[in-house]
1. Any chance you could count how many residues in the stretch 117-176 are farther than 30 Å from A371 by Cβ, of a type outside the set (A, V, I, L, M) and part of a loop (DSSP other than H, G, I, E, B)?
2. Taking the stretch 258-269 only, how many residues are within 12 Å of the ligand (Cβ to nearest atom) and part of a loop (DSSP other than H, G, I, E, B)?
3. Before we move on, is R347 away from the ligand (no atom under 16 Å from the Cβ), at negative phi and in contact with an Asp or Glu (Cβ under 6 Å, 6 or more places away or on another chain)?
4. Within the stretch 308-322, count every residue that is within 6 Å of the ligand (Cβ to nearest atom) and part of a loop (DSSP other than H, G, I, E, B).
5. Just to check your reading of the model, which residue among V220, V272 is surrounded by fewer than 24 Cβ atoms within 10 Å (Cβ to Cβ) and either among the β-branched types (V, I, T) or within 16 Å of the ligand (Cβ to nearest atom) (or both)?
6. All but one of (1) in contact with a helix residue (DSSP H, G or I) (Cβ under 8 Å, 6 or more places away or on another chain); (2) assigned to a loop (DSSP other than H, G, I, E, B) hold for L39; which doesn't?
7. Just checking, does the stretch 361-370 include any residue being more than 16 Å from G250 (Cβ to Cβ), among the hydrophobic types (A, V, I, L, M, F, W, C), surrounded by 19 or more Cβ atoms within 10 Å (Cβ to Cβ) and more than 16 Å from the ligand (Cβ to nearest atom)?
8. Which pairs have Cβ atoms under 7 Å, sit 6 or more apart or on different chains, and link a residue in the stretch 131-143 that is in contact (Cβ under 8 Å) with a residue 12 or more places away in the chain to one that is outside any loop (DSSP other than H, G, I, E, B) and among the small types (G, A, S)?
Amino acid sequence: MLRDPYAHYAHLRENHPVFWHDGMKSWVLTRYEDCRNVLRNHEVFARDRRRTGEEIPEFRQSLQTLDPPAQAPLRSLIMNAFHAQDLEQVGSRARHRVGEILRELAERDSFDWMREVAAPLALSITADLLGVPEPDPEDYVRISEAIAERMDAGLKPGNIARGDEARTRLNALAEEWFAAADDRPGVLRDIKQRAAKAEMPPHYVSNSTGMMFNASYGTVYATAGNVMLTLLQHPDALERLRDERLLTSGVNELIRYDGPAQGTSRVATRAVRIHDTTVEPGQIVLTLMAAANRDPREFPDPDRLVLDRTPNRHLGFGWGTHACVGALFGQVAIRELIVCLLTAPGRLRPAGTPTRRPTATVRSLDVLPVAFDR
Ligand code: HEM
């Protein structure tokens with residue numbers, strides 16, 4: 001399942017499009033149209049579980065736990081702060097940094113792409129965009145891993161305590177960053193300047209900052225690994241990406257093909273029919289976006305990497321009112337990585353067996369050994 005979930009997803013999509021998973025006590029959706037309909041229907045399918053009577057402790061309250069209309073002031077505060085950034089500048093600094101890292105790594109016989117490239121890229125580009133100091137990498141990786149594992153709590157309830165502890169540490173870091181935000185340009189300073197007008201309780205703003213840092217770090221890290229592996233498995237694809245006209249569509253296709261965000265969940269606020277199944281109020285619906293992204297009803301020849309695929313309305317960045325606020329930036333980060341690969345001192349080739357992190361919601365490699373061809 002970890003090595004290749006797509007065959008399992010295809011089986012579910014064709015045979016059990018609304019599948020009850022007993023362990024997770026959730027309805028699992030795998031067809032594109034079904035997943036998209038759930039994600040865009042926030043009136044029936046809530047992200048904010050307080051709408052069905054659950055409690056959400058204060059340390060978990062953030063942009064992610066608010067639905068419209070309460071979500072609107074915080075979401076526009078964050079979106080406006082993003083729009084005020086010069087993404088191209090951040091992208092070009094990341095290109096410089098990764099270019100340097102690759103030149104140094106060219107001296108080595110082989111190296112781990114995840115540790116040496118994906119992690120520093122994700123950490124530096126995220127800190128730069130938000131305008132915060134880079135946290136200690138070893139320390140931050142532990143926080144990020146625990147939060148990613150917490151997302152699998154439906155499968156592994158044992159992950160909850162460590163994940164919540166990590167979230168609390170991240171909130172504390174975010175409060176420190178927030179206090180110092182006036183001194184550095186970036187998303188945080190812009191949020192801080194505009195926050196008073198949004199009239200949100202301060203912990204929402206600060207928790208959302210921490211959540212955003214991790215949403216960026218975790219996905220950019222995992223995408224950088226998935227994309228590198230896909231390019232190693234499709235040696236002609238990188239060469240084709242020299243054609244600048246293919247870069248934007250190519251990055252999107254790489255995210256459709258093997259994105260990091262495999263699924264997300266919503267809770268039904270009232271009884272609703274999906275195909276022949278009645279979902280009862282309070283029941284959880286898990287939308288497997290990664291399965292939807294390989295649905296042949298929406299994507300012709302879905303298991304093939306088609307760098308100029310159009311249209312490509314994939315769900316790799318989610319859909320609807322909780323869709324990714326950093327989608328544009330995530331694309332810039334991956335585009336810069338590809339440009340660095342194209343100008344690197346040589347071609348990379350596999351140098352050992354990759355291993356995966358044992359997480360289902362976030363699809364990520366743990367170790368990806370590579371070497372420069374000499
Ligand atoms: C390639 C990189 C990325 C991918 C694949 C990705 C994917 C996603 C997905 C699938 C969602 C929706 C989750 C849901 O509906 O429950 C999401 C939400 C989110 N993403 Fe991203 N993301 C990426 C990069 C980023 C970056 C760079 C940032 C910030 C700098 C970011 C910040 C967020 C935030 C704050 C949310 C929550 C939005 C809300 O709940 O209203 N993401 N992302």
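None of the figures in this text is laboratory data; all of them are computed from the coordinates on show. What you see is a predicted model; the values in this text were computed from it and never measured. With ideal geometry, Cβ positions are generated from the backbone for all residues, glycine too; neighbour counts draw on all protein chains shown.
1. 5
2. Here the count works out to 4.
3. So R347 fits the description; yes.
4. 3
5. V272
6. Evaluating L39 over (1) in contact with a helix residue (DSSP H, G or I) (Cβ under 8 Å, 6 or more places away or on another chain); (2) assigned to a loop (DSSP other than H, G, I, E, B) leaves (2) as the failure.
7. yes
8. Taking only residues 6 or more apart or on different chains, the pairs are G131/A181; P133/A127; P137/A119; V141/A119; I143/A166.
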